[in-house]
Structure formats: C-alpha cells, structure tokens
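First comes the structure, then the notes that go with it.
The values are calculated or read from the model by the stated rules, or taken from the named source; none is laboratory data. Small disclaimer: the values here were computed from a predicted structure and weren't measured. Side chains included, ligands, DNA and RNA excluded: accessible areas come from the protein's heavy atoms. Shrake-Rupley method; radii C 1.70, N 1.55, O 1.52, S 1.80 Å.
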Amino acid sequence: GQNIDQPTEMTATEGAIVQINCTYQTSGFNGLFWYQQHAGEAPTFLSYNVLDGLEEKGRFSSFLSRSKGYSYLLLKELQMKDSASYLCAVHQAGTALIFGKGTTLSVSS
Amino acid sequence: AAGVIQSPRHLIKEKRETATLKCYPIPRHDTVYWYQQGPGQDPQFLISFYEKMQSDKGSIPDRFSAQQFSDYHSELNMSSLELGDSALYFCASSSRAGQERATNEKLFFGSGTQLSVL
C-alpha cells in the first residue's frame, strides 16, 4: 500500500511564499503529482515529478527526492485565488493515482 | 478544448434506491477513473478502465459496478444506496496510448456528480 502525508492546513498572506510538503511511502514509484482543488470543484493538474529535482512552472514549483520519499510544492507571490486544497498524489506502478488527504491553504490580505 | 463531461451534475436519491452516473472522457482518451470524495475528504479511488476493460480496482463497494462502453464513455451503477454514499463522484480520463509510461496517470477531471442520499 501507500502512505501519503501532508499538513492538513496552512495559512499565508498575499505576496508571500509558501511550501507545502508531502512525504510518501510506496513501492514501484512511478511519479508524483500535485493537484489544486477549490471547494466543490474538480481537482486540476499543477505539476508532475518523476525524477529528482525541481520543476518550475510560473509561480508554482515542485520538488522531488525519491530517496527520501519527499516532495514539496512551492507557491510564490501568493494571491487570494490560491486559497484552495492542494493534493499530493502518487502513482505506484500497476495502480491508479492515489491521493493524499490534501492541504487546505488559506491566503489572507 | 473538450473536457471530461459528467452527468448528472446533481442527484438526489433515497436509501435503497439505485443511481447511475455517466462520464464522457476527453476525445481520444482511452482510460477512465472513478473517484469518490466525501465532505472534507481526499478523493478515494474506486475503479478504472483501459480500452473498455477493467484496469484497476480500489475501494469500490460490492453494491457498485461500472463499465466502459465502445465509445469509451463509462457508467457507475450504484445500488442499495446508503446515507454514507453521499459524496462528490469524480470521473477522470487520461491517455495511455503513445505516452511515456511515467506520464500515464496525468488525470483530467470532470466537474463531478454530487450525490445526496436522503
């Protein structure tokens, strides 16, 4: 099976930088995804890492260390609209994508 | 661009009734996934289909069944509904054909069906 851990809640202010961590335990690792989900809406794809290192995409970056079973999502220049749940999801070979419980980020002015 | 389409958007049923949820994947996507998300919970994987065959099975109750049809749309059939089945049901699709193996699971989600069991 898989264990995916991420903080339940985080708060930050507009313009700030926030890092959301995710640790996982799995076998046959085949990639790690980050999704954003606003309340009542579908998750939307943010980033994908399969090799160690940092993937940058605009204000969002994601980092992966396979040896440590660790990833983080970095959000820069926070905006109010970034208030959402951020889901870490792991793809284990031979199975469907498994989601963590999500981190609810609240951005205040 | 076309997205994943789910119907109905909202559904209200009573206990012990049946419900059928439909999902139309993005054109040329060959894989469909069903997820159940309770209030304040993370999406729980139920079942997936690849090329009309069941691909993987998660925490889908025996009261539920699903299939993928020749046009790649999928239906989730739910019987003997219970109060605990009230949740948001998401369908997602992806394309495995022609993709690097490691990127197979980039999912595109539909807007979901909100099921309320009274």
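In order along the range A:49-54, phi translates into HN-Hα couplings of 10, 10, 10, 4, x, 10 Hz, rounded to whole numbers, per the Karplus curve 6.51 cos²θ - 1.76 cosθ + 1.60 with θ = phi - 60° and x for Gly and Pro. Measuring nothing but alpha carbons in the protein assembly as shown and taking Rh as the Kirkwood radius, the Rg to Rh ratio lands at 0.97. Protein-only accessible surface at a 1.4 angstrom probe places the residues B:Ser59, A:Ser85 in the order B:Ser59, A:Ser85, largest first.
Using only alpha carbons, the range A:1-106 has a radius of gyration to Kirkwood radius ratio (Rg to Rh) of 0.95. Take every Cα pair under 8 Å whose residues are at least 6 apart in sequence, average their separation, divide by the length of chain A, and the relative contact order is 37 percent. For the range B:25-118, the relative contact order comes to 30 percent (Cα pairs under 8 Å, sequence separation of at least 6).
B:Ser111 sits with roughly 60 Å² accessible to a 1.4 Å probe, with DNA, RNA and ligands left out of the calculation.
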